[in-house]
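Asks: Mind having a look at this structure? Questions to follow.
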Amino acid sequence: MFEKSLLIKTKEGFGFRNITDTIEFFVEGSGVDFGSCHIWSVHTTCALIIEENQEALMNDYLSLFRTIKSIGEKNGHMHTNTDKTTRRVAGFCHDCKDCSDCERRNAAAHIISSLLGKQKILQISGGKLTLGKYQNVIFIDFDGGQERFLNIQIYGYDETSRILHLL
């Protein structure tokens with residue numbers, strides 16, 4: 001088994017990073033000809049997608065993410081007062097200083113990353129990732145301006161030795 005961590009420094013807000021070439025570099029250096037590459041984010045506000053890396057499409061994703069964020073900000077949440085009465089308050093509950101101890105106010109980032117998923121398992125064949133013509137591995141940070149880590153595990157076997165590279 002081959003294991004690596006990848007550090008990604010992100011900018012503020014939503015951000016996309018095509019990491020396909022880096023993952024392919026790790027696969028080629030692993031010695032695994034046939035197997036799987038497991039990639040996962042250790043952060044709750046990041047996601048991985050397999051998608052075409054086309055600027056207009058990434059802008060469409062960004063527009064959708066902003067729409068989801070604005071829905072939460074507009075619709076708000078029900079807040080329980082100390083006297084047990086309730087009232088509607090703007091924003092997500094996680095972002096409310098009275099409801100949550102989180103200072104980042106990043107509920108939309110958590111929700112969106114959970115919808116897309118924080119991990120991918122990709123097939124390796126002939127020592128290369130098995131991706132379609134337009135498929136790329138895209139890392140997305142919904143709460144940027146931080147250092148992010150992805151863990152990568154590559155496991156399988158070497159064509160010449162047919163030795164299984166597992167734990």
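The values are calculated or read from the model by the stated rules, or taken from the named source; none is laboratory data. All values derive from a computational prediction rather than experimental measurement. A quick note on method: Cβ atoms are made from the backbone with ideal geometry, for glycine too, and the neighbour counts reach across all protein chains shown.
Asks: Among the numbered criteria (1) surrounded by fewer than 20 Cβ atoms within 10 Å (Cβ to Cβ); (2) of a type outside the set (A, V, I, L, M, F, W, C); (3) in contact with a Gly (Cβ under 6 Å, 6 or more places away or on another chain); (4) within 23 Å of Tyr155 (Cβ to Cβ), which single criterion is violated by Lys11?
Replies: (4)
Asks: Out of Ile39, Ile19, I need the residue that is out of contact with any Lys or Arg (no Cβ under 9 Å at 6 or more places or on another chain), surrounded by 17 or more Cβ atoms within 10 Å (Cβ to Cβ), modelled with pLDDT of 95 or more and under 18 Å from Leu122 (Cα atoms). Which one?
Replies: Sole residue among the options that is out of contact with any Lys or Arg (no Cβ under 9 Å at 6 or more places or on another chain), surrounded by 17 or more Cβ atoms within 10 Å (Cβ to Cβ), modelled with pLDDT of 95 or more and under 18 Å from Leu122 (Cα atoms): Ile19.
Asks: If we keep just the residues of segment 128-161 that are assigned to a loop (DSSP other than H, G, I, E, B), at pLDDT below 95 and not β-branched (Val, Ile, Thr), which is farthest from Leu7 (Cα to Cα)?
Replies: The selected residue is Ser161.
Asks: Can you name the number of the only condition in (1) at pLDDT below 95; (2) assigned to a helix (DSSP H, G or I) that Asp101 fails?
Replies: That leaves (2) as the condition not met.
Asks: Now, a different point. Could you tell me how many of the residues in segment 1-48 are free of Cβ contacts under 8 Å to residues at least 24 places away in the same chain and of a type outside the set (Asp, Glu)?
Replies: Residues in segment 1-48 being free of Cβ contacts under 8 Å to residues at least 24 places away in the same chain and of a type outside the set (Asp, Glu): 2 in total.
Asks: Of everything in segment 60-98, what is over 30 Å from Leu150 (Cα atoms) and either among the aliphatic types (A, V, I, L, M) or not in a loop (DSSP other than H, G, I, E, B) (or both)? Give them in sequence order.
Replies: Lys74, Asn75, His77, Met78, His79, Thr80, Thr86, Arg87, Arg88, Val89, Ala90
Asks: Then there is this: Within segment 44-64, is even one residue hydrophobic (A, V, I, L, M, F, W, C), loosely packed, with under 14 Cβ neighbours inside 10 Å and in contact with a Cys (Cβ under 9 Å, 6 or more places away or on another chain)?
Replies: Scanning segment 44-64 turns up no residue that is hydrophobic (A, V, I, L, M, F, W, C), loosely packed, with under 14 Cβ neighbours inside 10 Å and in contact with a Cys (Cβ under 9 Å, 6 or more places away or on another chain).
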